[in-house]
Amino acid sequence: MSNLPPGTVLPGLRFKQRFPLLSLIIERCVLSIILLFAVSVLIFGGLEALPGDFATTYLGQSATPQAVANIREELGLNRPVVTRYVEWLGNAVKGDFGTSWASKNSVGEQIGKRLGNSLFLAGFAALISVPLAVSLGMLAVHYRNRMPDKIINVISLAAISLPEFFIGYLLIMFFSVKFGIATFPATVFDGMGFVDRLKAIALPTATLVLVVLAHMMRMTRAAILSVMSSAYMETAELKGLSAFRAIVKHAAPNALAPIINVIALNLAYLIVGVVVVEVVFVYPGMGQYMVDAVTVRDMPVVQACGLIFAAVYIFLNMTADILAIVANPRLRHPR
């Protein structure tokens, strides 16, 4: 039984009642931090549990028991797992991801270069796919159950059904090998001109756009269709607004929350799911860097890449949640 007098409201509950929007945003931020911590445990523990040993892989056929022991001692692998995890996480929070076991270079410096390449690729793909997906979604709603809508749906279903590596190889075969109008491999380097960079990333960008465009377009269409039968849409049409203008001015803004959510989720996929595309096109980004590190069991690099991918994915999901909350008029204007 509680000793509080009747009618007493706890401070935390009173804050939620007075500031529902702010309390939900704070709750999402806290949950994201907890989730990132849990993911860091899984990344470190999962890599530790993998069979094999870097020292044995690094030394190859010349791996004697003494040489393996020396390498493990040098890298600190003989220390307890918990001690190494706490040290790694503390350094990662400060931006220090250690030194690559294979190349002896700073992991942070290498990731800085590779992350910029990955963000350039994903950002350019998002710049094309997001407005195109929203526009096609509204167009499909305007011509729903007619030929343009059916064509868009068939093409989007085909794009969703094909994995990104298959789309990438098809684009390479036709536009690079057969017609010779696109660059392969997609090589970029420091000092490369902006136009040359765009030419180099044409095929991987097209692959990413085709992969995420269909999903965003179909979700945009579904979100707008869900509000088309509302009373205010009938009122807008009775006022003389054209069907397309009513969609743009009234339906799309009221379907904003689910559209923002699906766009943010697909942007997260563009950052994290770029790994496969980078490997297919031999693009020097984070994904290619992580795959190269996995082949030689370079754990500091794999751990750093995994943590950064997880942080970006969680941050974009958190952003989607917050934007969906802010877009909700009932939370912006509580009674």
Would you check if there is a residue in segment 146-158 being assigned to a loop (DSSP other than H, G, I, E, B), closer than 28 Å to ILE33 by Cα and basic (Lys, Arg)? no
Identity of the residue in segment 195-211, modelled with pLDDT of 85 or more and under 13 Å from ILE167 (Cα atoms), that ends up farthest from the chain's Cα centre (by Cα): LEU203
Across segment 91-132, which residue is most open to solvent (accessible area, probe 1.4 Å) among those that are within 22 Å of THR187 (Cβ to Cβ) and basic (Lys, Arg)? LYS113
Cβ contacts < 8 Å: first residue among the charged types (D, E, K, R) and at pLDDT below 90, restricted to segment 28-47; second residue open to solvent by less than 40 Å² (accessible area, probe 1.4 Å) and assigned to a helix (DSSP H, G or I), any location; separation 6+ or different chain. Result? ARG28/MET318; ARG28/ILE322; ARG28/ILE325
Among the numbered criteria (1) among the aliphatic types (A, V, I, L, M); (2) within 29 Å of ILE259 (Cα to Cα); (3) not in a helix (DSSP H, G or I), which single criterion is violated by MET192? (2)
Selection count where residues are at pLDDT 75 or above, closer than 17 Å to LEU132 by Cβ and of a type in the set (Val, Ile, Thr), scope segment 236-274: 4
Out of (1) within 23 Å of the chain's Cα centre (by Cα); (2) small (Gly, Ala, Ser); (3) open to solvent by 50 Å² or more (accessible area, probe 1.4 Å); (4) modelled with pLDDT under 80, the odd one out for ALA223 is which? (3)
Yes/no for ASP96 being of a type outside the set (Lys, Arg) and modelled with pLDDT of 70 or more: yes
Condition first: open to solvent by 40 Å² or more (accessible area, probe 1.4 Å), of a type outside the set (Ser, Thr, Tyr) and at pLDDT 80 or above. Can you find one or more residues in segment 54-73 that meet it? no
Leading residue by the ranking (farthest from ILE224 (Cα to Cα)) among those in segment 149-159 that are aliphatic (A, V, I, L, M) and loosely packed, with under 14 Cβ neighbours inside 10 Å: ALA158
Of (1) touching a helix residue (DSSP H, G or I) at 6+ places or on another chain (Cβ under 6 Å); (2) surrounded by 12 or more Cβ atoms within 10 Å (Cβ to Cβ); (3) without any contact (Cβ under 8 Å) to a residue 60 or more places away in the chain; (4) of a type outside the set (A, V, I, L, M, F, W, C), SER135 fails just (1)
When segment 170-186 is checked residue by residue, the ones that are of a type in the set (Val, Ile, Thr), surrounded by 14 or more Cβ atoms within 10 Å (Cβ to Cβ) and farther than 21 Å from ALA159 by Cβ are THR183
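The values are calculated or read from the model by the stated rules, or taken from the named source; none is laboratory data. Quantities reported herein were computed from a predicted structural model and do not represent experimental measurements. Methodologically, a virtual Cβ is constructed for each residue, glycine included, from the backbone with ideal geometry; neighbour enumeration extends over all protein chains shown. Heads up: the accessible areas ignore ligands, DNA and RNA and are worked out on the full protein's heavy atoms, side chains in. Shrake-Rupley method; radii C 1.70, N 1.55, O 1.52, S 1.80 Å.
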